Each structure stands twice: as C-alpha cells, then as structure tokens.
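Worksheet: the structure to be examined is printed underneath.
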Amino acid sequence: MTPNPIRKVLIVGGGTAGWMTAAALAKVLDAKGVAVTLVESDAIATVGVGEATIPPITTFNQILGIDEAEFMRATKGSFKLAIEFRDWLRPGHRYLHPFGNFGLDIEALKFHQFWLRAHHEGWAAPIDDFNLPATAANLGKFALPSKDPGQVMSSLKYAFHFDAGLYARYLRAHAEKRGVTRVEGKVASVQQHGETGFVTGVTLEGGQGLEADLFVDCTGFRALLIEQTLKTGFEDWGHWLANDRAVALQCEMGGDGLTPVTRATAHEAGWIWRIPLQHRIGTGYVYSSKHISDEDALKTLQGALDGKPTQDPNFIKFRPGRRKQIWNKNVVAIGLSSGFLEPLESTSIHMIQAGITKLLALFPDKGFDPVEIAEYNRLTILQVELIRDFIILHFHANRRDEPYWKALREMEIPPDLKRKIDLFRASGRLFQSDYDLFAEPSWIAVLLGQGVMPQRHDPLVDQYDEAFVRTQMARLSALIQQTGRAMPSHEDFIARYCAAPEFVR
Ligand code: FAD
C-alpha cells in the first residue's frame, strides 16, 4: 500500500482534453478511492475545432467501453481511411496517406522495395493499389474490419471525423455517469505552496476554492497552470513550421459529399482542411501571417467552400512548439496547454490520448518522484518531436513556386529528418524510430507523395524472378481491388450503422 496516495485530482478546463482526461481517469481510478473533479467556464469558449482523428482513438473508445455506433450517432461522425493531399507537391498533384500497410513483405524483404523495383523497371501499378484503406477511400467505400487475420478485410484501419463540441459533450455525460464531479466557474487565482511552488488549489470568481493533490491543466492555449502559474517556458518551432494562424468555418454538405478522407489542399500560404460530417463540412485555412493577411485568407477559404457557410469565421492564433516540461511539479499539461503542432496529420487529439495513457502508466503518489516526472517528459518530448519532423516533411519536400513554399523548401530542417530523407532517397531504406507514432507505411506514403523517389532499390529484391514478382503483385492488387469493390459506400454504411437524425445524403 502506497503510504501517500493521491486522493484528489482537479482537471482545469473542459474542452476535448479535459473531458477525455476526465472520462479515462474515471474509468481507471474509480475503484481506487481517487476523487476526480473538472472545473470549466461557460464564459471561456473551447477552441471549437479538432474534428479529425487517427486510428488509435478506436482503442481509447474501447477502453472506455464506448459503443461505437451510439458514439458516431451522438457526434454526427463519419469514418476516415486516409488523408488526401491535393496540390502539395505541385498544383494538380494528389496523393493519399492511408492508414495501414502497403502490400505484404516477401521473405522478410519489404514490400515497398519490390514496388520500387517494379517502378524502376517501368511496370509498377500505383502504390495505393496495395493498400486496402487507400483503395476503399478512392472508391468512396467503407466497412468495419474483419477480426480474422486471414482476411484482407483485417488490414482495414480507420479513424473518425466528429463534431468537436458534441464529442466533449458526449464524453462529459460518460464521465459524469462514472463519478466525475463537474464544477462550473472561471478560475480567478491559483494558490501555490510557499516553499515547493506546488499548486495547492484554485479559487473561482465567485470565491469557491478547489483543492487537489494532482492538477491536470486542460485550459487550452491559456495554459493557466503550467505557464501562467508555473512559468515552465516554451520551445518555439516557428522556424520550421511557418503557419501561425487558422480561420475555421462550417458549411452545408456539398462538393464530393461524405468522403471517407480528411482532405488537405495546399494554397498560396498554407493549406485548407475539409472534414465531412453527417450533416455538414468542417473546413479551415491554416496559414502563415507573414505571407497572407487574415482578410485574404478568409477570402481564399470562402472561395473553396463546398456549400453555404453555417457559422461566422473563427480566427485562431497559435504558436507551434511545446512546453519545456509537460509535467512540472504536480501539474500535468494535456491538450493545447502542452504545446501545439498544426492539425495536418490530425495528431493533437492523439497526443491527448497519449498524455493520458502515460499519466496512468506513471501515476504518482504525493511524493511526486522526479525520476517518474522526468520519464513522462522524456517520452512525451520524444514523441512530439518525431511528429513534428513528419509534419515538416510535408512542407519541405515540395515543388511549388510561391514564396511561402520556396522558403519552406530551402529552410534547414532538423538533422534527424534530413538523415531520414537522404537515406530513403538513396535506396528506399527506412528504420522506424522508437516511439514514432508514424510507422514505416506512413513515412513511405508521404515521402513518395511529396516526390522523394528513391534512386535505387534494395539489391536483394533483384534475386527474385521478375515473373514471380509480377504475379505476386498482380494477385495482391486484384484481391485488394475486389475486397474494396465489395464494400458498401461510405454513405450507405453510415445510413445503416450510425445515422443521426440530421444525416444528409
Ligand atoms: P480548449 O478547447 O481551448 O479548452 C479549454 C478549456 O479550458 C475550456 O473548457 C475553457 O472553458 C477552459 N478554461 C480556460 N481558462 C479557464 C479558466 N480560467 N477557468 C476555467 N476554465 C477555463 N486536433 C486533432 O486531433 N484533429 C484535428 O483535426 C484538429 N484540428 C485543429 C484545427 C485547428 C485550427 C486547431 C487550432 C487545433 C486543431 N486540433 C485538432 C487540436 C484540437 O482542437 C485540440 O487538441 C483539442 O480541441 C483540445 O483542446 P483543449 O481541450 O486543450 O483546449
């Protein structure tokens, strides 16, 4: 028995980060005598965006015991199989970053090396033909994966698009049902221990005080505890990631309709996202304020809408980077308070999930062992820096002409990323770093998509007879095509499985 167990946790902030944390802590700490309280203020809006996710969120939902169809209905959600990049390499170019693997390795040799050989010999089919989520995405299809590893359908990986506000509301109901206490009010002041500087409590505007042993800062960009109170410091990555603004809008369903992809379209000074939900499309322009004015960014976004706007534009300022420590004293920052990487690869909600998982794995007692806090920070920083490099790759490897894109192409990039690109460009070799969220297939999709074509392939694949390789590859792509074609359309699947009353066909 720990002599000094944590008895009270206070989560400050009730956006996606706050309610994901509350729901997970309620599930895991429930029986251990730990009281979880969340304080949020109706007077301070949540960021109001953050609607595209990546596959690990399905595990988060399973751990919470969430019924997927009910969750999708409640959040008016749709399914996501890939990110579609338009105009990134150059205007008119398109590629997918799909979830899941490309092909099957042959006798421990990587599939993509066989594909590179075919490419160098001039007979390769598009690489998407060897990935089921990409094939289904190109056909506008969706179905749930098979649990039988012998079936091609078992290789289907997916994530969700959902309404950010409804997601927080859904998790709130889930968390409150499991014992989380919600307090409404704006935190006006924070109290600290005179000697240690540990946070001891917060006082709300009305005078109510809330005390706890462990504090989770989910106050978004305000970073009320981790920065305003503890002055933790920030590492700025603006020299690699030029974008510092976004303007977000929602519009009526239109254009290509309910596609099972998040679309990211490159523009003169940034990129525009398109996230289709059951009843509307979420969209926004992420841009560099040095290269375009707010007014012109809004005009560009309005010109790209698929339907009539249904809300006023929401301008958001941000600074790419991370807190110097994500866990400082007895405060753990989760969500936007911990730092921010732009939403190009939909990684922020995942980083919330990863923060919660690590907090549970290193759950402290009142001694707050510095060794464990240091490990939390080491792992989080390692992971976020790998994601940062993956995002930089998209911007750096481009052949566009505008000054914004030219500057990104010519900038000096982090040395680890440069080494990865050089190695891949030479002969398609890749080695996944420990703790990299993005596995080899993701790097392959984006490196090839951004025009980093290896000059050679692994010489070991040349030992195989060409006819054998051709037959294997043709069989595989035919099987994937056949499986993709047999799936229902994304719209039909949603209509049958999880349609909300507002679902628009
Ligand atoms: P917020 O939503 O800002 O919530 C902060 C909370 O703190 C609010 O409840 C507020 O009331 C409360 N609060 C603040 N101060 C006080 C106070 N003094 N007293 C009491 N309460 C207080 N992520 C993805 O994974 N996918 C995406 O597609 C994606 N798109 C994005 C697009 C943009 C343009 C941006 C900026 C972000 C995007 N993100 C995305 C990130 C995602 O939006 C966030 O990670 C997520 O919403 C979590 O936000 P949060 O809960 O940390 O902060």
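Structure data summary
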item: Condition broken by GLN325, with the remaining ones in (1) among the polar types (S, T, N, Q); (2) crowded, with 20+ Cβ neighbours inside 10 Å; (3) within 16 Å of the ligand (Cβ to nearest atom) satisfied; result: (3)
item: Residue among VAL469, VAL461, VAL446, VAL452 that is closer than 22 Å to TYR287 by Cα and hydrophobic (A, V, I, L, M, F, W, C); result: VAL446
item: Number of positions in the stretch 1-60 that are near the ligand (Cβ under 6 Å from one of its atoms), small (Gly, Ala, Ser) and buried (at least 22 other Cβ atoms within 10 Å of the Cβ); result: 7
item: When residues of the stretch 261-278 are limited to those that are within 14 Å of the chain's Cα centre (by Cα) and aliphatic (A, V, I, L, M), the one nearest to the ligand (Cβ to nearest atom); result: ILE275
item: Which listed residue is out of contact with any Leu (no Cβ under 8 Å at 6 or more places or on another chain), touching a residue at least 24 places away in the same chain (Cβ under 8 Å) and not in a helix (DSSP H, G or I), from ALA118, ALA143, ALA125; result: ALA125
item: Subset of the stretch 208-222 that is among the hydrophobic types (A, V, I, L, M, F, W, C) and either near the ligand (Cβ under 9 Å from one of its atoms) or assigned to a strand (DSSP E or B) (or both) - its residue that is most open to solvent (accessible area, probe 1.4 Å); result: PHE221
item: Residues (out of contact with any strand residue (DSSP E or B) (no Cβ under 7 Å at 6 or more places or on another chain) and polar (S, T, N, Q)) located in the stretch 302-328; result: GLN302, GLN325, ASN328
item: Condition met for ASP105 (surrounded by fewer than 23 Cβ atoms within 10 Å (Cβ to Cβ), outside the structural domain of LEU277 (by TED's automatic domain parsing) and in contact with a Phe, Trp or Tyr (Cβ under 6 Å, 6 or more places away or on another chain)); result: yes
item: Residues of the stretch 450-482 classified as under 30 Å from the mean Cα position of the chain (by Cα), surrounded by 14 or more Cβ atoms within 10 Å (Cβ to Cβ) and more than 18 Å from ARG388 (Cα to Cα), total; result: 7
item: Which numbered condition ALA74 misses (of (1) modelled with pLDDT of 95 or more; (2) open to solvent by 10 Å² or more (accessible area, probe 1.4 Å); (3) over 25 Å from ARG178 (Cβ atoms); (4) not in a strand (DSSP E or B)); result: (3)
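The values are calculated or read from the model by the stated rules, or taken from the named source; none is laboratory data. Worth saying up front: this structure is predicted, and the values here are computed from it rather than measured. Neighbour counts are summed over all protein chains in view; Cβ atoms, including those assigned to glycine, are modelled from backbone coordinates with ideal geometry. Keep in mind that these areas ignore ligands, DNA and RNA; they rest on the heavy atoms of the full protein, side chains included. Shrake-Rupley method; radii C 1.70, N 1.55, O 1.52, S 1.80 Å.
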